[in-house]
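The values are calculated or read from the model by the stated rules, or taken from the named source; none is laboratory data. If you're wondering where the values come from, they're calculated on a predicted model, not measured in any experiment. Cβ placement follows ideal geometry from the backbone for every residue including glycine, while neighbour counts extend to all protein chains displayed.
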């Protein structure tokens with residue numbers, strides 16, 4: 001088994017989280033006009049189906065990118081570190097980093113992804129953010145574990161069992 005596997009897992013998890021957060025922010029900023037139109041329509045309580053479907057498509061692309069990055073990160077980590085639990089760790093770190101990097105954007109008043117305005121920092125918001133971090137961490141961990149599992153399936157350490 002390779003040495004320093006935990007270090008590789010933490011670094012790859014950090015890189016995955018930062019990459020997915022950057023892609024998400026870029027997607028939102030590129031489609032700022034659509035988000036502003038949605039904000040105006042939500043304020044009038046008249047969100048059109050076209051705008052709603054486009055927003056759903058943008059969020060779907062974001063989820064798809066997150067899944068692909070976590071799976072490929074798991075594949076790479078499975079080849080480097082071999083141990084599957086490190087893939088789980090890397091995915092959890094990646095999901096938590098992603099969630100923590102996007103959380104401050106909810107406090108930016110003019111950020112296009114905020115359809116309801118600005119968020120407030122209170123106990124309820126903090127609890128929801130912790131739960132959101134755990135949810136993204138678990139999702140990232142499971143997808144990255146799947147990638148690690150695929151990559152290490154033929155490794156002698158797991159084949160001899």
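Is it true that residue 76 is assigned to a helix (DSSP H, G or I), more than 14 Å from the chain's Cα centre (by Cα) and buried (at least 16 other Cβ atoms within 10 Å of the Cβ)?
yes
Restricting to the stretch 1-32, name every residue that is modelled with pLDDT of 90 or more and surrounded by fewer than 13 Cβ atoms within 10 Å (Cβ to Cβ).
Listed by number, the residues that qualify are 7, 22, 26, 29, 30.
Right, residue 82: in contact with a helix residue (DSSP H, G or I) (Cβ under 6 Å, 6 or more places away or on another chain), farther than 30 Å from residue 37 by Cβ and not in a helix (DSSP H, G or I) or not? Can you show your working first?
Values: in contact with a helix residue (DSSP H, G or I) (Cβ under 6 Å, 6 or more places away or on another chain): yes; farther than 30 Å from residue 37 by Cβ: yes; not in a helix (DSSP H, G or I): yes.
So residue 82 passes the test.
Got at least one residue in the stretch 108-125 being at pLDDT 75 or above, on the phi < 0 side of the Ramachandran plot, crowded, with 16+ Cβ neighbours inside 10 Å and part of a helix (DSSP H, G or I)?
Within the stretch 108-125, none of the residues are at pLDDT 75 or above, on the phi < 0 side of the Ramachandran plot, crowded, with 16+ Cβ neighbours inside 10 Å and part of a helix (DSSP H, G or I).
Could you check the stretch 38-51 and list, in sequence order, the residues that are at pLDDT 90 or above and surrounded by 13 or more Cβ atoms within 10 Å (Cβ to Cβ)?
The answer is 51, and nothing else.
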